[in-house]
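One structure is given here, and the rest of the page talks about it.
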Amino acid sequence: MSDAPASTAPTGTAPTGTAPTGSKLLDLVAVMDRLRSPGGCPWDARQTHASLLRYLVEESYEVVDAVENGTREELRDELGDLLLQVVFHARVAAEDPAEGFDVDDVAAAIVAKLVRRHPHVFDGEVAAEDLQARWDAIKATEKPRASVLDGIPLQLPALARADKVLGRLQRAGLAEPAGGRPGEEAVGERLDEEAVGERLLELVRAAHAAGVDPEAALRTATRRLERAAREREGGAARA
């Protein structure tokens, strides 16, 4: 198993006589090891990456709910539940005899990625005027892709996936002009969160009245948008 690069990893400090921030993570790793090992918990021992997915999704949404509606204590607890899922998956992965990795490998990989994608912080590079464009350029060298749309998870909720697709297309200069319908406000009008929420709710209400599944409808529309964008990419590549 690999270790995090000491030369580039940002380090925390703690007052003299106290444990450094992050030291309790070792306790979590030890507890997870005990639960997963012989003599531990039978339920934990039989879990797989696939069987744990439902809990990963549930815990993620519970963090969102705690941020939006909960107390600081509830947020702390939900973040702990989500952190457990990461440590659990890493512990399961460590048992793979052919392609095993552990929580240190997970941490080392994300540390290296963060350092690599922030040269203006760690390498003394002057910050780019457009940090998003710089971030995208660095990602492109790490993961060469045939399309700017590659790598967007199909499992994302329809609205989140549509937003992701549109964002990618916009940054790549492939976004089509926003269309308007008679009676709608002019394109480019500034919208706040409340106005967007009301419009979305009205669309869902209309879809429900028409017997249309709005989630499926948006997925279908997003797929059409993706196909058209990939065709434009292919045409540009051949030109």
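The values are calculated or read from the model by the stated rules, or taken from the named source; none is laboratory data. Remember, it's a predicted structure, so these values are computed and weren't measured experimentally. Note that we place each Cβ from the backbone using ideal geometry, even for glycine, and neighbour counts take in every protein chain shown.
Mind counting the residues in region 214-231 that are of a type in the set (Val, Ile, Thr) and more than 25 Å from the chain's Cα centre (by Cα)?
Final tally of qualifying residues: 0.
Let me confirm something: among GLY211, GLY234, which residue is loosely packed, with under 10 Cβ neighbours inside 10 Å and more than 24 Å from the chain's Cα centre (by Cα)?
Exactly one residue qualifies, and that residue is GLY211.
Return the pairs, sorted by first residue and then second, in which the second residue is of a type in the set (Val, Ile, Thr), the first residue lies in region 209-223 and is under 14 Å from ASP163 (Cβ atoms), the beta carbons are less than 8 Å apart, and the residues are 6+ apart or on different chains.
Qualifying pairs under 8 Å: THR222/VAL165.
Look through GLU99, GLU73, GLU125 and report the one residue that is at negative phi, assigned to a helix (DSSP H, G or I) and either not assigned by TED's automatic domain parsing to the domain that holds ARG46 or not polar (S, T, N, Q) (or both).
Selected residue: GLU73, the only one of GLU99, GLU73, GLU125 that is at negative phi, assigned to a helix (DSSP H, G or I) and either not assigned by TED's automatic domain parsing to the domain that holds ARG46 or not polar (S, T, N, Q) (or both).
Of a type in the set (A, V, I, L, M), modelled with pLDDT of 85 or more and more than 21 Å from the chain's Cα centre (by Cα): which single residue out of ALA178, ALA160, ALA195 fits that description?
Going through ALA178, ALA160, ALA195 in turn, just one is of a type in the set (A, V, I, L, M), modelled with pLDDT of 85 or more and more than 21 Å from the chain's Cα centre (by Cα): ALA195.
What number of residues within region 60-87 satisfy the criterion of being among the acidic types (Asp, Glu), touching a residue at least 12 places away in the same chain (Cβ under 8 Å) and surrounded by 14 or more Cβ atoms within 10 Å (Cβ to Cβ)?
Looking only at that region, the number is 3.
(1) in a helix (DSSP H, G or I); (2) free of Cβ contacts under 8 Å to residues at least 12 places away in the same chain: which one isn't true of VAL115, the others all being true?
Every listed condition holds for VAL115 apart from (2).
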